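**Q** Submitted below is the structure of interest, expressed as structure tokens.
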Amino acid sequence: MEWRGRRRSSNVDDRRGQPLRGGAGPGLLMLVRVLPWLLRSKGGRALLLVGVLAFAGARMLGIDLLQLTTGAGTPSRQASFSPEEQELAEFVAVVLADTEQTWQKILAAAGNRYQEPVLVLFSQRVASACGTASSAVGPFYCPADRKVYLDLGFFRDLDRQLGAPGDFAQAYVIAHEVGHHVQTLLGISQQVRASGQGRSAAEVNALSVRQELQADCFAGLWGHSAHHYSQMLEPGDLEEALQAASAIGDDRLQKRGGGEVVPDSFTHGSSAQRVAWFRRGFESGDFSQCDTFGAEI
């Protein structure tokens, strides 16, 4: 991919090397330990009153003293990253910026406004509005806070464990999660959840497959734009994305796990389905071609 030197998105929240946000930091823990003494002591009560007034005053000035006690947004130690890791973070920001441009055009043509998501880079564990997750879950989108979450280590696993190397394979993963954001903006995700109420597990899984395949098709729409309008793609890039889509098909993953392939348990679609729907979006560049809910899949 020809991505270097292009615009980077400002919607990247880099939390690598940082503690979980909202966790109790040393300042808050110390306050909890000394609070009984403060309440018993006359001087302590006076000191506590001063602290409360200072906190209230700071809030009026727009200063969040809670971040000083929780460590929210502040690394516990200076994180250092290799040049390769930093370049990968820059790559993510460039791909995200190009998805922003693509979806602004697509949704504007339909009379809708694209609200850009935030992409959170994290390492090992992250707290989101959908709960705390570890890197083991892979990249994910949280509709509750409308953010994409990504541990860059997944790209290493995509290459070494799943056999899907290449920068366009990585870009496909990002574009797929952004596709889920588009589904949230258009109300598709909400409709899927409502349709699943009271249905069997197999029926809910079938709805999930259609939703995931649509996100693959949406990723293909971005790929079409990146190729024809941004001129980012190089020979072999499309094959990288198709290989990645195939590598994370439910049937392929179930076989890798040594288990039996059980179609009723699929939640993302087979390798063939994922490849077909990404290719459909990539080759057509037509939003209307991504209606997985009204088509045979």
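**Q** Any residue at all in segment 163-174 that's over 29 Å from Y114 (Cβ atoms) and in the same structural domain as R280 (by TED's automatic domain parsing)?
**A** Yes, there is a match, as at least one residue in segment 163-174 is over 29 Å from Y114 (Cβ atoms) and in the same structural domain as R280 (by TED's automatic domain parsing).
**Q** Output the residue which, of all residues in segment 175-213 that are more than 15 Å from T267 (Cβ to Cβ) and in a loop (DSSP other than H, G, I, E, B), is farthest from the chain's Cα centre (by Cα).
**A** Looking at residues that are more than 15 Å from T267 (Cβ to Cβ) and in a loop (DSSP other than H, G, I, E, B), I get G198.
**Q** Consider segment 272-297. How many of its residues are exposed (fewer than 15 other Cβ atoms within 10 Å of the Cβ), farther than 22 Å from G187 by Cα and free of Cβ contacts under 8 Å to residues at least 12 places away in the same chain?
**A** 0
**Q** Mind checking which helices (runs of 4 or more DSSP H) fall wholly inside segment 223-297 and carry at least 2 residues that are acidic (D, E)?
**A** Output list reads 237-247, 250-256.
**Q** Run down G198, G187, G259, G269 and say which single residue is of a type outside the set (A, V, I, L, M), buried (at least 19 other Cβ atoms within 10 Å of the Cβ) and assigned by TED's automatic domain parsing to the domain that holds W103.
**A** Residue meeting the stated conditions: G269.
**Q** Of all residues in segment 126-180, which are of a type in the set (V, I, T) and either buried (at least 22 other Cβ atoms within 10 Å of the Cβ) or closer than 25 Å to R279 by Cα (or both)?
**A** Across segment 126-180, the qualifying residues are V126, V148, V173, I174, V178.
The values are calculated or read from the model by the stated rules, or taken from the named source; none is laboratory data. Bear in mind that the values here come from a model prediction, so they are computed numbers and not experimental data. Reconstructed Cβ throughout: ideal geometry from the backbone, glycine too, with neighbour counts over all protein chains shown.
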